[in-house]
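Student: First the structure, which I've put down as structure tokens, then a few questions once you've had a look.
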Amino acid sequence: MEFKDQEKYMELGKLGLFGVVLGFLGYTFFGILYIFFPMLFMESSVKNGILSTMGVMLGVSVIIGLAFNMLAGLSLFFVFAPMVLAFHYMVTSKRGFMATLILMAVVLILSSVSLQMGLTPLGTVNLEEISEELIQSQIDGVGENLTGLEASRLEENLRLINEMSIKLIPGMFFIFILFTVYLNYVMAGRRLLRHGILINQPPIFSNLQLPRISILVFGIIIGVILLLQNSGMEIYEVIYLNSLLVFGLLFFVNGLALVSNLLGRLKMPNFIKTFIFLGLVFFIPAGAVVVILGLLDTLVVFRKIRIKRE
């Protein structure tokens, strides 16, 4: 019993050390590394227990806060701790991977938005002013070498791009959340497997398929958008654009998985697969076809179609 306790304390000590190192690298060099922060504690919550893991996570956040910025350090805990708790609950309850991913995504969205609203209330952020300053700085950077007409066209194009970018912020945020949750879930699962602990994992990419309810959700959102449009509410455009962005990407990934499955069943060489995937990703008309295939694949299970090879 004492040996197990010692081993557990050593594991928690290494967890704290890795967490501090990752926090240091994320704060000083590569902020993107923070998306891997919860993975360490998700793995530990299953191996070492949720209470001790949460204690180490809080301690790591405080150390990072004392070393750099207390608000930044504690923000890591308040944003990612609920996600770790959701992961631990779903895994120990032996729930399916899709339900686990959805709950983790919802929890991470709520914690991130709550923290952001607490730090910067919505009324204090003037997006139009920020956009105007950004446009002006971009024009000043290249405006000296342009004629009046060219500068006017540049300003018009920049204004359109910035306006569209602002409208798509919710969709891009949601996609980033999905990517973060999926990446941490898969990595935590792989690390647990190395220690002989098996949890429900997403299938390999070629067997990945969106549930049929996704097309129902998409249809409901389109119906809501049409109602808002008929009611004269301008917010329908923002919802429409973000829905197209999110579901377009989901159906695109689903379509790529379907293509990967079909190519695998045809036993295509890897270099041909790579060439086809590059074409599907970078050739826009082909990408549109993949989106349609991905959408149809939520209704018709193409993977069940048998392919006869002579």
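The values are calculated or read from the model by the stated rules, or taken from the named source; none is laboratory data. The model shown is predicted, which means the values in this text are computed figures rather than measured ones. Positions of Cβ are backbone-derived with ideal geometry, glycine not excepted, and every protein chain shown enters the neighbour counts.
Student: Which one of these does residue 164 not meet: (1) loosely packed, with under 13 Cβ neighbours inside 10 Å; (2) of a type in the set (A, V, I, L, M, F, W, C); (3) not in a helix (DSSP H, G or I)?
Tutor: (3)
Student: State yes or no: is residue 210 at pLDDT 85 or above, surrounded by 15 or more Cβ atoms within 10 Å (Cβ to Cβ) and not in a helix (DSSP H, G or I)?
Tutor: In short, yes.
Student: Consider the range 279-295. How many of its residues are modelled with pLDDT under 90 and surrounded by 11 or more Cβ atoms within 10 Å (Cβ to Cβ)?
Tutor: Summing the residues that are modelled with pLDDT under 90 and surrounded by 11 or more Cβ atoms within 10 Å (Cβ to Cβ) in the range 279-295 gives 6.
Residue by residue, here is whether (1) touching a residue at least 60 places away in the same chain (Cβ under 8 Å); (2) touching a Gly at 6+ places or on another chain (Cβ under 6 Å); (3) not in a helix (DSSP H, G or I) holds:
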{"residue": "181", "(1), (2), (3)": "yes, no, no"}
{"residue": "202", "(1), (2), (3)": "yes, no, yes"}
{"residue": "217", "(1), (2), (3)": "no, no, no"}
{"residue": "238", "(1), (2), (3)": "yes, no, no"}
{"residue": "253", "(1), (2), (3)": "no, no, no"}
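Student: Give me the residue from the range 213-236 that is more than 26 Å from the chain's Cα centre (by Cα) and small (Gly, Ala, Ser) and, out of that set, surrounded by the fewest Cβ atoms within 10 Å (Cβ to Cβ).
Tutor: Filtering the range 213-236 for residues that are more than 26 Å from the chain's Cα centre (by Cα) and small (Gly, Ala, Ser), the one surrounded by the fewest Cβ atoms within 10 Å (Cβ to Cβ) comes out as 232.
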